[in-house]
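Have a look at the structure below before the remarks.
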Amino acid sequence: MRLISLTANVADRPHARRTSCCSISPTMAVAPTAVTEVECTSPDSTPMSDHRGQRPRRSRLLLFASQLLVLAFLLAASSAQAETIHTVALVASVDQVLANIRNWIMGILAALATVFLSIAFVRRMTGAGDPGEIEKAKTAFRSACWGYLGALLTPLVIEVLKGFVGA
């Protein structure tokens, strides 16, 4: 009874692909929960394919291709010759290394502090009395002060490092 109504709904659709199910038992029409396995065929009575047979072949092909790629990489890498590298020291002593570090740290801190000072100035001028913008300008100004203080204290920190290193 239920089977007839389902077939009628499929037949009413104009572009539906119609399949005939061959192994429908009478218990399935009454209780649809008893469906175990239904083999469906197309109108020309050839079994419908779900392309599951191609997966093992595809994975084997992928595995083979990856093995060839690794083999080609290893062959190319083994033909490379080792060359001696001559390293030229750009600094004469540890003192010069620490001086270079000091100069870099001072330059970076001073540049960041200048950026924060510029931001504080712009926020203060464009704030138009807004308490939130004025507070953000004060915070940026404090950050600029900390940056300049760090740049001024960098030589002291480097001298302490020289004491630890023994230079």
**Request:** Could you please let me know if SER59 is small (Gly, Ala, Ser), surrounded by 10 or more Cβ atoms within 10 Å (Cβ to Cβ) and at pLDDT below 85?
**Result:** yes
**Residue among ALA111, ALA128 that is modelled with pLDDT under 90 and assigned by TED's automatic domain parsing to the domain that holds LEU156** = ALA128
**Message:** Need the failing condition index for LYS138 against (1) assigned to a helix (DSSP H, G or I); (2) surrounded by fewer than 12 Cβ atoms within 10 Å (Cβ to Cβ), just the number.
**Reply:** (2)
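This table checks each residue for (1) surrounded by 10 or more Cβ atoms within 10 Å (Cβ to Cβ); (2) free of Cβ contacts under 8 Å to residues at least 40 places away in the same chain; (3) in contact with a Phe, Trp or Tyr (Cβ under 9 Å, 6 or more places away or on another chain).
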| site | (1), (2), (3) |
| --- | --- |
| ILE85 | no, yes, no |
| LEU90 | no, yes, no |
| SER93 | yes, no, no |
| TRP146 | yes, yes, yes |
| THR154 | yes, no, no |
| LYS162 | yes, no, no |
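The values are calculated or read from the model by the stated rules, or taken from the named source; none is laboratory data. Values in this document were obtained by computation on a predicted structure and should not be read as measured data. Quick reminder, even Gly has a Cβ in these numbers, built from the backbone with ideal geometry, and neighbours come from all protein chains shown.
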